[in-house]
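What follows is calculated from the coordinates using simple rules that are stated; it is not laboratory data. This structure is a prediction, so every number in the text was calculated from the model and none was measured. Glycine also receives a Cβ, built like all others from the backbone with ideal geometry; neighbour counts cover every protein chain displayed.
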Amino acid sequence: MAEIRYLAPRSLDEAIGAFAAAGSAARILAGGTDLLVQMRSGMVAPGVIVDIKKIPEMTTIEETSDGGFRIGAAVSGAVLAEHARFGKVWPGVLEAVNLIGSKQVQGRASAGGNLCNGSPAGDSVPAMIAAGAVVTVQGPNGRREMKVEEVPAGPGRTNLKPGEILVSFKLPPRPPGSGDAYLRMIPRTEMDIAVVGIGVSLTIKDGVCTAARVGLGAVAPTALLVEPAAKALIGTKLDAAALEKAAEACRAACRPIDDKRGTVAYRIKTAGVLLKRTVAIAAKRATEK
Amino acid sequence: MNVVTNNKWIGQRTIRPDGMDKVTGRAQFAADFNMPGQIWGKILRSPHPHARIRGINTSKAEKLPGVKAVVTAKDIVDFPIEKGAVPLGIQDMRWMCRNVMAREKALFPGHPVAAVAATTEEIAAEACKLIEVDYEVLPWTIEIEDAIKPDAPVLHEWNKWEGKPSNIVGRLEHKKGDIAEGFKQADVVIERTFTTRPVHQGYIEPHACTISVAGDGKTTIWSSSQGQFMVRAMTSLLTGIPQSDIRAIPAEIGGGFGGKTIIYLEPIATMLAKKSGRPVKMVMTRDEVMRATGPTSASRSTVKIGATKDGRIVAARGTFYLQAGALPGSPIRGAAGCSFTPYDIPNLLSEGYDVCSNRSKVAAYRAPGAPIGAYAVECVMDEVAEALKIDPLDFRKINGAKEGTKASHGPVLPRIGYIETVEAAKASPHYNAPLGDGHGKPRGRGVASGFWFNAGGESSAQVNITEDGNVVVTTGHPDIGGSRAAIANICAELLGIDYSRVSVIIGDTQTVGFSNLTGGSRVLFASAMVVTQSTEKIIQTLRERAAKIWNIDPEAVKWENGAAHPSSPNAGQFEPLTLAELADKAPAMGGPIGAGVQLNTQGADGGYGTHVCDVEIDTDLGIARVIRYTAVQDVGRAIHPGYVEGQLQGGVVQGIGWALNEEYIYNKDGKVDNAGFLDYRMPVCSDMPMIDCIMVEIPNPKHPQGVKGVGEVPVVPVMAAVANAIYNALGIRFYSLPMSPPKISAALDANVKQAAE
Amino acid sequence: MSKIHVTTTINGEPTEFLCAPDNTMLDVLRGPLGLTGSKEGCSSGDCGACSITVDGRLVCSCLMLAVEAEGHEIGTIEGMAKGGKLQPLQQKFLEHAALQCGICTPGMLVASDALLRKNPNPTEEEVRFWLAGNLCRCTGYDKIVRAVLDAAAEMRR
């Protein structure tokens, strides 16, 4: 029954100081929907809990002058959903963030926590990868940026350095004719962990796909950016042959395991199915605008 | 007994007496109760599926500051195996004492081996870690097919099957006619083997109790269960405290579905309380509930049905292997006994085998065993009907059991409503509606029937007229799904007073007479009988009191609309005397008015249902969704239709979960790999359509209101109805549950591959 | 473990409590505050029986540290009926027999109330997806969904 300290710093510098000082015994608390479950089950026993929700930079959404967005790492899914513009520009990212758990969980859970939890199956991660989101991290040695796909290191692990805190996500401005989407496969209609999750972001000009990114989750130790799938789509009219090629690229990228949530064969097959479905939604959104 | 007609309250959707407390958060469930000075109990559980316990050293735990008591199997009364069965209801105390606390061996991961009470939950948990258990780890077996192999590790060396130590611990057989002769007459014979996985009752309220043992041994148990008298009896047997000293107070119960017909915590908490001198509270975590309380059996069933060209079943055979878990007692009676009962089959052999293995001991789950058997039988029924090119409902009607049919499990059936359920299903809007367009997703429709025994048994009630002329009814069955409302309907009806004047409460073990479990779909059947008889006695008293006041013969007084009236003008001219007036005059006219009745109720007829299910399949992902469902059931008489429908709807949705996603998954170490709601995957609200109900009312002639049990039948046909619907959509039969996306997807792929070859 | 002093508002009442840093809001509601209407079904955010609102937003109280209540407004089932008068959702749950054992009912009501505040005219599908985080094992959800839709209709009148 080790002593636990709870800290709720008001500034990022204060948070970083406290977090770094506490070393490996410290845990960041954003929405807490993973941390509290891990604490209750005995998986983790933090000595210090650093609640980052009193730090303005980590709890605000900002539409930047270039039309991009900066989302604080601790912004909950419910708050993101209430933003007047975000869901119109990045509907796929929003639906991914809001597939994390129940309405109750969405009231707390954040994209930052989802990424730092390091689960290969986190719903928001493939969508953020597809969006080309970049995260700002800050630690004792200052600030740096990382691509979202560079953050996960393996199940439960990230490439953040000791003492570093994920501060925010930066999503780029959207060229005209862009759309994104996220789909996942779960056995029920809600409340499950993704068996496969796919985020797709597209730009379409005159019927031709000019830019694409594909993020793939739950089929490898980390969520993946599937560049061959994007390449298969770019320059095409998203015809059946292109979709099949992209689906094949997704299947080829899978390095899944058999577990209680799905089999290797099922996950590989599903990755291809979902690629096609997700592209269709993203393309519809891109051309509707 | 007179069947009440022209009802005012029976059949009404009244507001349940306990409703206000439940929608405001005031109702006290097991974990909501605290006692002054209470401490917390925690259990140390075996990490091994199978291990001999060579010794337990609790000294370090006892020395931890804050620890007030430690108990092990030494503190629980032993029921030695060699001394023979000590039955309590359907349980045997030899198994119960070993289930509550491992004795010679730990038999599953999660099996309690010791327990600690300390001033906080954290200290108790910490102390558990300090207990040293010397285990001799043994080879283990979980799945039925492994456990029945000749070289399987044997859990109970004393058990012999065909002369050798074995995990087969019981067999049951129902036989009728000569199946060899019967199958010879058949034009179509279909035999299939089916498997099902263990599924948990999934009650949302974990097991919990708070227990005080005073210095003189007087014990108070506050816990939620499906029977406070079962709690008292088992706790008494396992602790040695006489029943007269144990007051078991039934908390509101947050779901049971059979899983709370046995106890886990109460004897342990009682011994911790006794040793520490402090009230002890224990609350299971969800993880403990999933690992260490009984899910139902996994099963392996082979069913063979033969029929003639004209659609008559001439012979059937069923062999049902059910997984009991650590200790004997799987519901083979439900599987082997119920599955063929909807049908009149001249030649039949139905066998059940009880198989022990290293998982938690099975507990009852809604119509225990019957859904497992019905899944196999009703799927084969579908195949036979298809082979004969007969509508599956017509096939069931042709062979339907009726009054006078000799059932496979023995009795000659009374007037039953099975065929009426088939007819109502056939005539239902659902069965006659087109499947509709799935927009690329194939749709299919399936039907299935089911039977459950239903139970009567012991019940007690006390009905008292209050001094202000209202009514308090006390019964002894925990109310799990609205039974208080139905009892109030009946009492108000009989007394001819407003429903709001009847209060219904559940008494504790020391304030109401013995009442058996809330289980077997028996509560309203049995309670209505004792409440009716009590109320009739009261009405007799009220007539006598009025007669005395009017100075006429009691036979000349009738009771109507809540008042005594002269039965005819010949009896005299008197102003009616209301219940309130008679209550007011009670002290002068002979004293308090009340009556109690205690019976071992008889005449509970079995229940039958027929279901229609539509599914839609995402063939690319292998996801089956139920899009429409109709449950038809002979409910006898729906005293409170809202709660009868609720039983049907709830049972159906549990069955859909069983059919599509729910299952226990064991890892390579023999531990449950999905011991939580997240990965156990019970149906959530967005998974389900509305569940339509058709209540066929064929009153039970042996019951004053015509009541038949309704709670268990609705889960029985479901898995087969879903499987048959999936077959109808895809042309693929599934012989194992759950029909989860990877399984459906793999079957579709295999089909495509086969077609290509 | 040293305790933390928290000042908050619960069901409109200014409230103070002491808690350990790792106590959940549910621990404190059910323990020292005696508000046992919020139920503990899983402690992992999967059943919704402990649903409360924080500044009007629906959350699982098992997934929130009690210290986080500092300065916020907490709403629990105990605050739903005002002055002994049931809120329409509570009344409709009773009329529709939308509860059997009743253990999920407080969470269902708190969640449904949060839905209707946000969306006074939900479709059946919207109700079903909103309530997906509230497990009920007794009713099969049918009567719960009907009760919510009926309450919504009444509250719009």
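Points to keep in mind about this one:
- Reported to the nearest whole Å, the Cα centre-to-centre distance from the stretch C:119-157 to the stretch B:358-425 is 34.
- Over 26 Å (Cα to Cα) - which of B:LYS175/B:LYS309; A:LYS276/B:LYS753; B:LYS304/B:LYS406; B:LYS83/B:LYS149; B:LYS402/B:LYS426; A:LYS170/A:LYS245 fall in this group: B:LYS83/B:LYS149; A:LYS170/A:LYS245
- More than 27 Å apart - percent of Cα-Cα pairs taken over the stretch B:458-601: 24 percent
- Among the DSSP helices (H) of chain B, those spanning at least 30 angstrom by Cα along their long axis with an average Kyte-Doolittle hydropathy of 0.0 or more are B:523-550; this is a geometric and hydropathy rule only.
- Note, ³J(HN,Hα) from phi for the stretch B:667-673, Karplus 6.51, -1.76, 1.60, rounded to Hz, x at Gly and Pro: 8, 5, 8, x, 9, 5, 9
- Relative to one another, the C-alpha centroids of the stretch A:179-236 and the stretch B:607-681 are positioned 33 Å apart.
- Least to most buried among B:CYS209, C:CYS42 (fewest other Cβ within 10 Å first): C:CYS42, B:CYS209
- P(r) weight above 53 Å for chain B, C-alpha pairs, percent: 14 percent
- Distribution of pairwise C-alpha distances over the stretch A:178-288, 10 Å bins, in %: 17, 50, 26, 7, 0
- Across the stretch C:9-22, coupling constants 3J(HN,Hα) worked out from phi with the 6.51/-1.76/1.60 Karplus curve, θ = phi - 60°, read 10, 10, 6, x, 9, x, 9, 10, 8, 10, 8, 6, x, 9 Hz, and Gly and Pro carry x.
- Take every pair of alpha-carbon atoms less than 8 Å apart whose residues are at least six positions apart; their mean separation over the length of chain C yields a relative contact order of 23 percent.
- Converting the Cα gyration tensor eigenvalues of the protein assembly as shown into ellipsoid dimensions via √(5λ) gives semi-axes, longest first, of 49, 37, 32 Å.
- Neighbourhood charge, 13 Å Cβ-Cβ cut-off, centred on B:GLN12 and excluding it, Lys, Arg +1 and Asp, Glu -1: +1
- All other residues whose Cβ lies under 10 angstrom from that of A:VAL196 are scored, Lys and Arg at +1 and Asp and Glu at -1, for a net of +4.
- Estimated vicinal HN-Hα couplings, Hz - the stretch C:127-142 in sequence order (Karplus 6.51, -1.76, 1.60; Gly, Pro = x): 4, 4, 6, 5, 8, 4, x, 10, 6, 10, 9, 8, 8, x, 6, 3
- Rounded tilt (10° steps) of A:12-22 against the dominant C-alpha axis of chain A: 70 degrees
- Ranked B:ILE480, B:ILE623, criterion: other C-beta atoms within 10 Å, fewest first: B:ILE623, B:ILE480
- With K and R counted +1 and D and E -1, the other residues having a Cβ less than 12 Å from that of B:ILE465 yield a net charge of 0.
- Value of relative contact order over the stretch B:153-199, rounded to a whole percent, pairs C-alpha under 8 Å and six or more apart: 19 percent
- Note: relative contact order over chain B, using C-alpha pairs below 8 Å and six or more positions apart, is 15 percent.
- Equivalent-ellipsoid semi-axes of the stretch C:4-79, from the Cα gyration tensor, Å, largest first: 17, 14, 11
- Interchain or long-range residues, amide H under 5 Å from B:GLU458's placed H: B:ASN516, B:THR601
- Distance violations [Cα-Cα > 21 Å] among B:LYS74/B:LYS164; A:LYS103/B:LYS22; B:LYS218/B:LYS281; B:LYS441/B:LYS743; B:LYS274/C:LYS39: B:LYS74/B:LYS164; A:LYS103/B:LYS22; B:LYS274/C:LYS39
- Kirkwood Rh (inverse of mean 1/r, distinct Cα pairs), the stretch B:1-68, angstrom: 18.9 Å
- The stretch B:144-200 versus the stretch B:697-732: alpha-carbon centroid distance in Å: 26 Å
- Debye log10 I(q)/I(0) for the stretch B:619-663, one point scatterer per Cα, at q = 0.13, 0.26 Å⁻¹: -0.40, -0.99
- Chain B - share of DSSP beta bridges that are antiparallel (%, nearest 5): 75 percent
- Quarter of the Cα convex hull surface for the stretch C:100-157, i.e. its orientation-mean projected area (nm²): 3.5 nm²
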